[in-house]
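Since every read-out is calculated from the coordinates, none of them should be taken as a lab result. Only a predicted model underlies this, so the values are computations on that prediction, with no experimental measurement involved. Here the Cβ positions follow ideal geometry from the backbone for every residue, glycine too, while neighbour counts run over all protein chains shown.
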């Protein structure tokens, strides 16, 4: 069973709808016991990462512990940003630190429209399991004003060209993340979620 | 590269999609659940659902309908119509909306933009502006509220700038003069607003020929186009629209 972690930040409904549509065994919870018993974890979230980190803090321990034991974890949007060490959104916030790197504002002095809103082509790095079967790259739906700078030599990442390079997806062992919203990226997005479901199945064998 | 978005709009009344001209003379255009699924499957980039009776906040039937539409929509989904409080946005987000559009309530109480952005993030706060050309001055538009029925003396461009500062993450800009006429978007209005703000602008009102879409996305500097009649009545499919735009040098997500 997969668990969508509902820690009270924004909308888990769309993520739940998408996982249910691809008919996987999924539940929504923030109970540490349920999280500990899951085959895979999904950490969604919208809004500001500092606020999200504050809300997730009571269960941050169990999430980190489960991720470090090798359980697949997929962070989406703000959930993706929380995977890194530090976020500089409205202050400085320590995040989960599962992947080395930081979350910084998209620069405002380049004439870019912010938020980065809409469908951007994403180029995958070779061998990313999350993007299995999708070729070299696809378009996905974004809605973010901050972006991650990955500083982890063990992580592979996918990127989107928005005038600046935006980290669109990351993968390090059993830790996965997407800055974009796979649950809102039509058929290709659903394929990303199916890939995660398959990874969880394989790992739980 | 970020692509330009094609957004079908469902104007909903009594559980049906309807479409009028200049906000009047409504005609039936189909079932919202079926149309939502169809557009999501056919390659639309987003979907907008507007309760034109403006009863979202008080009407459980409408919230249930939002939930049913959302269950089959795997593209970003914006819901609006009669929202008066940030709490109502919370309810709609929990029902499957990804963004909420606020119009009259933001004019009456601009703090709702700030409060909603703080609570749910700017990315889900869409300010809808229904703008009408002023009769005596060129290059000026005034904001109208209550589904276009009540004029105000607020300048549309100044309002857009202020809304961005208050936390709106996007502007859904409808030309009251062009809406439903299929005579083309108000390019001048769209460009004036798009140049005044740094947040994305969705052009709405007047979609007719595919050239009119190319024009507002190019010359009009819009980030996205909203259209209703041309899609509901089958004048163009999403694919035809995107193929045309691509041929004319507009970056779009392939279908």
(request) Nearest 5 is fine: what % of DSSP beta bridges in region A:2-204 come out antiparallel, could you say? (result) 65
(request) Let me know the mean shielding of A:147-158 by other chains, meaning the per-residue number of their Cβ atoms within 10 Å of its Cβ. (result) 0
(message) Below 8 Å between Cα atoms, with a sequence gap of 6+, how large is the relative contact order for region B:5-247 in percent?
(response) 17
(request) At q = 0.12, 0.17 Å⁻¹, work out log10 I(q)/I(0) for region B:5-247 with the Debye formula, treating every Cα as an identical point scatterer and leaving solvent out; two decimals please. (result) -0.60, -1.31
(request) For region B:119-160, just list the percent of Cα-Cα distances falling in each 5 Å bin from zero outward, please. (result) 5, 22, 27, 18, 12, 10, 4, 2, 0
(request) With no solvent and one equal point scatterer per Cα, compute the Debye intensity ratio I(q)/I(0) for region B:102-225 at 0.14, 0.15, 0.21 Å⁻¹ and report its log10, rounded to two decimals. (result) -0.54, -0.62, -1.17
(request) Calculate the mean, over all residues of peptide A:109-122, of how many other protein chain Cβ atoms lie within 10 angstrom of the residue's Cβ. (result) 6
(request) List, largest first, the extents of the alpha carbons of the protein assembly as shown along their principal axes, each in whole Å. (result) 69, 44, 40
(request) Largest first and in whole Å, give the semi-axes of region B:1-100's equivalent ellipsoid, each being the square root of 5 times a Cα gyration tensor eigenvalue. (result) 19, 18, 13
(request) Using a 10 Å cut-off on Cβ atoms, rank the peptides A:180-189, A:88-97 from the highest mean neighbour count down. (result) A:180-189, A:88-97
(request) For region A:2-204, state the semi-axes of the equivalent ellipsoid (square roots of 5 times the eigenvalues of the alpha-carbon gyration tensor), sorted largest first and rounded to whole angstrom. (result) 23, 20, 16
(message) Below 8 Å, C-alpha to C-alpha, sequence gap of six or more: please give me the relative contact order for region B:66-147 in percent.
(response) 24
(request) Starting from the Cα of residue A:64, step 7 Å along the direction of its Cβ; do the same at residue A:109; then give the gap between the two resulting points in nm. (result) 3.5
(request) With both partners inside the protein assembly as shown, how many of the DSSP beta bridges are antiparallel, as a percent to the nearest 5? (result) 50
(request) Mind telling me which of A:30, A:178, A:147 comes out most flexible in a GNM of chain A, alpha-carbon contacts under 10 Å? (result) A:30
(request) Would you mind calculating the relative contact order of chain A from Cα pairs under 8 angstrom and at least 6 residues apart, reporting the percent as a whole number? (result) 20
(request) Mind checking A:132-145 for the average number of partner chain beta-carbons within 10 Å of each residue's beta-carbon? (result) 3
(message) Once you compute Rg and the Kirkwood Rh from C-alpha atoms, what is the Rg to Rh ratio for region A:110-184?
(response) 0.95
(request) Could you compute the FRET efficiency for residue B:198 and residue A:34, with r as their C-beta to C-beta distance and R0 at 51 Å, rounded to 0.05? (result) 0.75
(request) Quick one: check the C-alpha center-to-center distance for region B:23-77 versus region A:1-69, whole angstrom. (result) 28
(message) Two decimals, Cα atoms only, Kirkwood Rh: what is Rg/Rh over region A:1-96?
(response) 0.95
(request) Please work out whether region A:53-172 counts as rounded, prolate or oblate from its C-alpha gyration tensor, where a ≥ b ≥ c are the square roots of the eigenvalues and a/c under 1.5 means rounded, while otherwise a/b larger than b/c means prolate and anything else oblate? (result) oblate
